[in-house]
Amino acid sequence: MKELSVFVDESGNYGGRSAKYYLITLVFHDQSASIVEPIENYEYALRTRGLPDIPLHMNPLMHGNESYKAMDTRMRSRLLAGFASFANKCPITYATFSYQRDRFTNDETMFARMRRDLALFLFDTLQPLQEYDAVKIYYDDGQNEVTNVLHAAFGYVLGAQAVIYKECDPRHFRLQQIADYICEIELARIKYERSEQSKTEQIFFGSYRDFKKNHLRKIRTKRIR
């Protein structure tokens, strides 16, 4: 049985409209391509470098919150570099959809546009998608509107019977963490291109040139869209 896993993450504060941009990233993994070796190598690298094996969560990592609260910037930067290396070696592809919120009347119209964009993307990649016996979508169910977008777009293009929806705790899925990482990288790309990068982004990513060299260009070799 040929199966495709799709891990979904979003960036943007739905409801509060405090974030200028809203992004959704889908990470695709053909389950016949093993990720055991990249995961084992990543976990081994953490052990040999004396770094804790904390499930990646980009926002807390960059701001020193939650599990990263007791860590200094240097350790958090080392964790980010290690995870970036792992993500670049995983047999995945991805697509990111980005939106500037003030170009929409409200969040409802933005999510309607997102639903249309995702459906068009799926139609463009329909032939390879139809080769799979099952498409499993993993999302932490954090925002109902995103869940509705996924159901509507995948159900419309592939048919409801071809898609399996699974709630996903990012702490337990490395590929979900990769979706989180990519979402942050694609958001940083937008901000660097428009000279809107924050001091925190400059601390962890450096100059725009450094950011492109160390993060963006490497992960974008896996980009579908």
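The values are calculated or read from the model by the stated rules, or taken from the named source; none is laboratory data. All values reported here derive from a predicted model rather than from experimental measurement. Positions of Cβ are generated from backbone atoms using ideal geometry, with glycine treated the same way; all protein chains shown enter the neighbour counts.
Descriptive notes on the structure:
- Residue within region 6-27 that is more than 20 Å from residue 144 (Cα to Cα) and not charged (D, E, K, R) present: no
- Check on residue 204, surrounded by 17 or more Cβ atoms within 10 Å (Cβ to Cβ), more than 23 Å from residue 114 (Cα to Cα) and of a type outside the set (Lys, Arg): yes
- Residues in region 64-100 that are part of a helix (DSSP H, G or I), hydroxyl-bearing (Ser, Thr, Tyr) and modelled with pLDDT of 95 or more: 4 in all.
- Filter result for residue 199 (farther than 22 Å from residue 64 by Cα and either of a type in the set (D, E, K, R) or at pLDDT 95 or above (or both)): no
- Selected residue [out of contact with any helix residue (DSSP H, G or I) (no Cβ under 6 Å at 6 or more places or on another chain), basic (Lys, Arg) and in contact (Cβ under 8 Å) with a residue 40 or more places away in the chain] from 101, 74: 101
- Elements of the type helices (runs of 4 or more DSSP H) sitting completely within region 139-225 and holding at least 2 residues that are touching a helix residue (DSSP H, G or I) at 6+ places or on another chain (Cβ under 6 Å) and within 17 Å of residue 29 (Cβ to Cβ): these cover 174-193.
- Residue that is surrounded by the most Cβ atoms within 10 Å (Cβ to Cβ), among those in region 164-199 that are touching a strand residue (DSSP E or B) at 6+ places or on another chain (Cβ under 9 Å) and aromatic (Phe, Trp, Tyr): 181
- The residues of region 29-63 that are assigned to a helix (DSSP H, G or I), touching a residue at least 12 places away in the same chain (Cβ under 8 Å) and of a type outside the set (A, V, I, L, M, F, W, C), listed by number, are 38, 41, 42, 59, 63.
- Filtered by the rule that a residue be small (Gly, Ala, Ser) and over 16 Å from the mean Cα position of the chain (by Cα), region 166-217 gives 195, 198, 206, 207.
- Of the listed requirements (1) assigned to a helix (DSSP H, G or I); (2) polar (S, T, N, Q); (3) more than 30 Å from residue 161 (Cβ to Cβ), residue 105 misses just one: (1).
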